[in-house]
Amino acid sequence: MASPSPPNDPATDPSIQDLIAARPWLKYDAFSGLMLDDVPLAGIADAVGTPTWVYSATTMRARYKTLTTAMSDAGLDTHMHYAVKANDSRAVLALFATEGAGADVVSGGELLKARRAGIQASKIVYSGVGKSAAELRLALEEDIGQINVESAEELETLSALAAASGRTARVALRVNPDIDAGTNDKITTGRATDKFGIPYDDAIALYTKAASMPWIEPVGLATHIGSQILDLAPYRDAFRRIADLVLALRENGLPITTVDCGGGLGIPYRNEAAPSPAGLAAAMKQAFHNLDVHLAMEPGRWLVGPAGVLLASVVLVKQTPHEPFVVLDAAMNDLVRPAMYDAWHGIVPVSAIDAHAPAAPATIVGPVCESGDTFARSRALPRLVPNARVAILDAGAYGAVMSSTYNARPLAAEVWVDQGQWSVIRDRQPFEAVWERERLPT
Ligand code: LLP
């Protein structure tokens with residue numbers, strides 16, 4: 001079983017300067033304070049208010065290029081399907097569409113959003129353990145590239161729906177390789193006890209069955225073992241098991257042209273040693289280079305996580321006999337990752353003067369009425385005063401998408417920074433919009 005990540009020792013936390021130095025798209029200007037791609041974040045906060053998500057388009061594009069180049073440098077022709085769930089902003093989807101990426105979607109909503117953002121249907125892969133009949137019908141109507149089937153039950157449903165619609169479904173079987181990715185328990189997906197994928201030992205029989213179904217065209221295998229993976233060994237193990245299956249399917253005379261290697265590549269939130277795209281490419285090459293299959297992957301976090309920050313303001317600093325509580329106007333309803341996964345996110349002041357002031361440990365919290373609404377404990381920060389701004393780092397993935405309106409808190413604004421310009425890509429939700437779809441009972 002995946003062990004929970006060991007607790008981080010605040011004494012070994014990276015300094016504010018270390019965090020910024022590791023993220024070249026961020027830097028301090030002595031007068032303007034923290035800048036994202038040369039755009040002062042204080043100016044955005046002044047104009048739009050806080051909490052606000054801010055994304056660097058340049059960083060997303062650069063990371064996409066780095067990932068695709070790592071694949072081509074390894075001699076791999078890998079189709080990229082951006083995992084929409086990481087950040088489904090239309091601006092983000094349009095950016096990856098322009099870069100030529102496809103999409104990995106997990107719901108009818110994501111499918112439609114990806115299509116409307118300009119992602120070609122033929123480049124869309126649909127994953128997920130519980131696609132409804134309506135969602136599968138939509139996938140057939142849109143004639144998307146591939147449906148990653150996750151169970152024998154789903155294959156039956158899809159076969160019937162495909163026959164009824166008169167459309168052949170191109171299918172990959174998502175196989176559960178029973179490999180522990182060693183990441184947080186809640187985002188580990190490739191153990192036999194996880195709900196995802198087809199049990200490894202059932203794959204050949206189910207593929208054989210799929211090949212016998214008139215409206216199903218089995219094209220390959222898919223696997224995805226988890227997210228925020230910081231070690232290449234589980235990838236190698238999973239890929240080896242999938243490669244074994246490719247050979248076994250061929251021995252059985254079954255056609256297979258595609259292997260979807262999933263997503264999951266981790267990023268350094270703190271100062272972890274994270275695997276490189278080149279390392280992942282090498283693992284893919286090692287397993288599949290002589291199998292004559294098209295490769296695909298579904299990266300999310302690696303592409304967009306580091307490209308975003310969540311800007312927040314200090315509401316007040318509450319002194320206690322222990323360390324002070326710095327209460328922000330952002331909360332767990334905005335960024336749930338610390339509450340949900342004990343995730344560590346860098347938190348840095350927006351003011352350059354604050355950034356260079358002496359630091360002391362503080363607990364950084366939001367205003368929501370749960371103790372879990374804690375972004376960090378014993379975090380070395382300068383003394384912050386009410387209205388001082390901070391940026392919570394690496395908030396581009398699984399940030400805004402996981403927000404809720406808990407405590408009747410409106411969804412925060414989202415801002416796009418591209419080539420020295422910034423624009424609002426989602427307005428802050430007005431209060432009334434939080435409850436506008438409610439009705440009093442008649
Ligand atoms: N493909 C499939 C089938 C997935 O389930 C996922 C993520 C991905 C691709 C993309 O994985 P990535 O490259 O982003 O690691 N909310 C959690 C992460 C959940 C990931 C779920 N599946 C977090 O904030 O850490």
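Of the conditions (1) out of contact with any Asp or Glu (no Cβ under 7 Å at 6 or more places or on another chain); (2) surrounded by 15 or more Cβ atoms within 10 Å (Cβ to Cβ); (3) at negative phi, PRO51 clears all except one; give me its number.
Checking PRO51 against (1) out of contact with any Asp or Glu (no Cβ under 7 Å at 6 or more places or on another chain); (2) surrounded by 15 or more Cβ atoms within 10 Å (Cβ to Cβ); (3) at negative phi, the one that fails is (1).
Take ALA114 and decide whether it is within 15 Å of the ligand (Cβ to nearest atom), within 18 Å of GLY263 (Cβ to Cβ) and in a helix (DSSP H, G or I).
yes
If you check LEU265 against the conditions, is it under 20 Å from THR69 (Cα atoms) and crowded, with 23+ Cβ neighbours inside 10 Å?
yes
Would you please name the residue that is nearest to SER32 (Cα to Cα), looking only at residues in region 343-379 that are part of a helix (DSSP H, G or I) and touching a strand residue (DSSP E or B) at 6+ places or on another chain (Cβ under 7 Å)?
So the residue we want is ALA352.
Answer yes or no as to whether PRO299 is surrounded by 16 or more Cβ atoms within 10 Å (Cβ to Cβ) and not in a strand (DSSP E or B). Show your work before the answer.
Values: surrounded by 16 or more Cβ atoms within 10 Å (Cβ to Cβ): yes; not in a strand (DSSP E or B): yes.
Considered against the rule, which asks whether it is surrounded by 16 or more Cβ atoms within 10 Å (Cβ to Cβ) and not in a strand (DSSP E or B), PRO299 comes out as yes.
How about region 11-103: which helices (runs of 4 or more DSSP H) wholly inside it have at least 2 residues that are within 30 Å of ILE353 (Cα to Cα)?
The qualifying helices (runs of 4 or more DSSP H) are 16-21, 41-48, 57-73.
Got a sec? Which of PRO321, PRO338, PRO349 is without any contact (Cβ under 8 Å) to a residue 24 or more places away in the chain and not charged (D, E, K, R)?
It is PRO321.
Every residue in region 117-131 that is part of a loop (DSSP other than H, G, I, E, B), away from the ligand (no atom under 15 Å from the Cβ) and polar (S, T, N, Q), please.
Answer for region 117-131, where residues must be part of a loop (DSSP other than H, G, I, E, B), away from the ligand (no atom under 15 Å from the Cβ) and polar (S, T, N, Q): just GLN120.
Any residue that is over 30 Å from LEU291 (Cα atoms) and in contact (Cβ under 8 Å) with a residue 60 or more places away in the chain - is there at least one of those in region 92-111?
Yes; the residues of region 92-111 include at least one that is over 30 Å from LEU291 (Cα atoms) and in contact (Cβ under 8 Å) with a residue 60 or more places away in the chain.
Considering only region 61-89, how many residues are under 15 Å from the mean Cα position of the chain (by Cα) and either assigned by TED's automatic domain parsing to the domain that holds ALA397 or away from the ligand (no atom under 16 Å from the Cβ) (or both)?
0
Identify all residues within region 302-324 that are of a type outside the set (Ser, Thr, Tyr) and crowded, with 19+ Cβ neighbours inside 10 Å; write none if there are none.
Step one: of region 302-324, the residues of a type outside the set (Ser, Thr, Tyr) are 302-312, 314-319, 321-324.
The answer is TRP302, LEU303, VAL304, GLY305, PRO306, ALA307, GLY308, VAL309, LEU310, LEU311, ALA312, VAL314.
Quick check on region 306-321. Is at least one of its residues within 16 Å of the ligand (Cβ to nearest atom), within 19 Å of the chain's Cα centre (by Cα) and in a loop (DSSP other than H, G, I, E, B)?
no
Do we have any residue at all in region 398-421 that's in a loop (DSSP other than H, G, I, E, B) and closer than 30 Å to ALA11 by Cβ?
yes
Would you point out the residue of region 370-387, among those that are under 24 Å from ALA307 (Cβ atoms) and in contact (Cβ under 8 Å) with a residue 40 or more places away in the chain, that is nearest to the ligand (Cβ to nearest atom)?
Among residues in region 370-387 that are under 24 Å from ALA307 (Cβ atoms) and in contact (Cβ under 8 Å) with a residue 40 or more places away in the chain, the one nearest to the ligand (Cβ to nearest atom) is PHE375.
If you go through region 159-170 one residue at a time, do you hit one that is under 19 Å from LYS195 (Cα atoms), in the same structural domain as ASP260 (by TED's automatic domain parsing) and either crowded, with 22+ Cβ neighbours inside 10 Å or touching a Pro at 6+ places or on another chain (Cβ under 8 Å) (or both)?
The answer is no; no qualifying residue exists.
Considering only region 30-44, I want to know if a residue exists there that is farther than 20 Å from VAL415 by Cα and either touching a helix residue (DSSP H, G or I) at 6+ places or on another chain (Cβ under 9 Å) or surrounded by fewer than 15 Cβ atoms within 10 Å (Cβ to Cβ) (or both).
Among the residues of region 30-44, at least one is farther than 20 Å from VAL415 by Cα and either touching a helix residue (DSSP H, G or I) at 6+ places or on another chain (Cβ under 9 Å) or surrounded by fewer than 15 Cβ atoms within 10 Å (Cβ to Cβ) (or both), which makes the answer yes.
Among the residues of region 110-136, how many are surrounded by fewer than 16 Cβ atoms within 10 Å (Cβ to Cβ), farther than 21 Å from ALA172 by Cα and not charged (D, E, K, R)?
Result for region 110-136: 1.
Which ones in region 325-342 are surrounded by fewer than 24 Cβ atoms within 10 Å (Cβ to Cβ), in a loop (DSSP other than H, G, I, E, B) and away from the ligand (no atom under 11 Å from the Cβ)?
Once the filter is applied, which keeps residues that are surrounded by fewer than 24 Cβ atoms within 10 Å (Cβ to Cβ), in a loop (DSSP other than H, G, I, E, B) and away from the ligand (no atom under 11 Å from the Cβ), region 325-342 yields only ASP329.
Determine, yes or no, whether ASP180 is of a type outside the set (Gly, Ala, Ser), part of a loop (DSSP other than H, G, I, E, B) and more than 22 Å from VAL125 (Cβ to Cβ).
The answer is yes for ASP180.
The values are calculated or read from the model by the stated rules, or taken from the named source; none is laboratory data. Just so it is clear, the model here is predicted, and its values are computed rather than measured. Using ideal geometry, Cβ is built from the backbone for each residue, glycine included, and neighbour counts are taken over all protein chains shown.
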